[in-house]
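Please read the structure below before turning to the comments.
Read-outs throughout are calculated quantities, based only on the coordinates presented, and are distinct from any laboratory measurement. Since the model is a prediction, treat every value here as computed from it, not as a measurement. Glycine gets a Cβ as well: all are built from the backbone with ideal geometry, and neighbour counts include every protein chain shown.
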Amino acid sequence: MKFDRRMGTIFLILSIVTVLLAIYVALLYTPEVKTEDGWVAPKAQKIFYFHVPAAWVSFVAFGVVFLASIQFLRVGGKNWDTLAYASAEIGVVFCTLAIITGPIWGKAEWGQYWRWEDTKLTITFILWLIYLAYLVLRGGAESEDKARLAAVFGIIGFVCVPLSFISSRIWYSFHPNVVASSSGSMSAASGMGLTMGVIAFTFVYLFMLQKRLFIHELKDKIEELKEEIGGI
Amino acid sequence: MMPQALTIAKKDIKTEFRTREMIFSMVVFSLLIIMAFRFAFEFYLAEPADSVSEAVLPLVSPILWVTFCFAGMLGLLTSFAKEKDRGTLDGLMLVPMDRSAIYFGKVLSNFFLILIVDIASVVFFSLFFAFDYNGNVVPVFAVILLGTFGFVVIGTLISSISVNARGREVLFAILLIPLILFTVLLPSITATSLALEGNIMDAQVELRLLGAFAAVYIAMGYALFNFVLEE
């Protein structure tokens with residue numbers, strides 16, 4: 001995937017439109033979540049409509065890292081490596097957003113900032129750690145050799161996430177420490193709020209990806225020019 | 001491929017036992033970690049309990065596994081670092097064999113050496129914490145074997161990656177720890193705790209998990225090691 005100026009502009013416009021729509025739908029259109037016994041979710045529940053899409057987009061971004069790493073190892077070519085790197089960077093941003101918004105919502109809804117027994121939380125945290133490690137590895141890599149190492153780690157990291165998920169799921173099923181979950185059933189409007197959020201964040205991701213690829217392209221051009229004039 | 005892997009493993013173990021420097025530093029490091037834990041828990045253990053062993057029981061498994069992992073990381077990284085710095089890795093790559101044999105050979109030699117450190121740590125622990133294993137040594141040892149194998153398999157692959165990059169030691173820890181937290185450490189610690197209570201049969205799920213993850217890691221190592229070593 002290479003940078004395409006036209007696609008970049010399209011994604012920018014789509015992002016702005018869908019994000020505004022998503023904000024409207026999430027904050028104003030969706031009803032308050034109520035359960036049968038009359039419990040009403042606090043207003044902070046609306047964070048859900050941004051928290052879940054952020055986590056979802058970060059998973060997609062890391063999936064892209066995985067696939068791009070495989071392609072880079074199989075067929076080579078700088079573009080795949082750049083795609084993996086850019087996607088990892090943006091994925092970490094979205095994952096960080098998810099990890100920050102999650103506890104804010106959690107405190108309002110459960111009274112706790114974090115629940116280690118909730119496998120989703122631990123998995124997102126592990127994913128975040130793995131891809132931070134990927135960035136540390138890739139960031140220190142100038143040559144194609146080191147890009148290859150990062151690609152290998154991208155594959156290993158992605159495989160370890162479902163493994164960790166299985167492991168923690170099994171562990172917590174054997175050692176339950178259940179705190180009553182308070183998510184009610186989703187009404188159609190809530191579902192739409194979520195979908196809008198996912199669409200909006202996906203366009204933001206695609207736009208940021210285009211921009212990041214553009215910056216990498218510029219960097220490569222600068223390196224080429226430097227070599228031509230005999231600089232460092 | 002296996003005969004070549006065994007030859008490489010034997011070579012590594014022989015060279016290590018000539019100087020014994022790495023195994024010695026790993027054992028001393030594990031001793032220091034256990035000492036650090038002992039003093040860290042001084043306040044907790046100062047309270048009189050029904051029996052010392054009982055007060056210590058919940059601590060055994062976590063402390064042992066953290067010690068295994070950190071002392072083990074020292075050895076894992078050194079094994080590749082030595083080869084790369086002295087250029088012997090290039091020599092190994094020149095041999096007309098499947099390069100995964102290097103990986104398997106390293107796994108075997110690292111496994112053997114880290115097992116020595118594990119046994120030493122277990123002994124140190126019972127010394128420093130005055131803990132009696134009560135005849136549960138065999139199940140505990142079985143769990144340690146399985147868990148260490150999983151750890152070494154993924155650790156060898158990650159160490160081969162980090163040895164080629166800048167800031168080896170820190171990078172190795174940063175790369176390895178998120179990968180092993182849930183896949184190796186959690187099941188191992190749980191299974192060891194159960195084994196210490198004499199209930200190793202309850203740990204079947206954890207042991208199967210460890211076995212499954214070790215298998216997945218070996219497959220990944222076999223598939224990806226060639227790419228790590230490419231020039």
Inter-chain shielding of B:218-230 (mean C-beta neighbours from other protein chains, 10 Å cut-off):
3
Estimated D of chain B in µm² per second, where Rh is the Kirkwood radius over Cα pairs and Stokes-Einstein applies at 4 °C, 1.567 mPa s
71 µm²/s
Divide, for the range A:66-129, the radius of gyration over alpha carbons by 2.2 N^0.38 Å, where N is the residue count.
1.50
Ordering A:13-23, B:172-182 by per-residue average of other C-beta atoms within 10 angstrom, highest first, gives B:172-182, A:13-23
Whole-angstrom Cα spans of the protein assembly as shown along principal axes, big to small
71, 68, 36
Based on the Kirkwood radius over alpha-carbon pairs, what value in µm²/s does the Stokes-Einstein equation return for the translational diffusion coefficient of the range B:110-231 at 37 °C and 0.692 mPa s?
211 µm²/s
Averaged across A:148-160, how many Cβ atoms of other chains sit within 10 Å of each residue's Cβ atom?
6
Roughly how crowded by other chains is peptide B:64-77, in terms of the mean Cβ count from those chains within 10 Å of each of its Cβ atoms?
0
Taking only the Cα positions of the range B:79-171, the convex hull volume per residue in Å³ is 112 Å³
At q = 0.10, 0.19, 0.20 Å⁻¹, work out log10 I(q)/I(0) for the range B:19-117 with the Debye formula, treating every Cα as an identical point scatterer and leaving solvent out; two decimals please.
-0.42, -0.94, -1.00
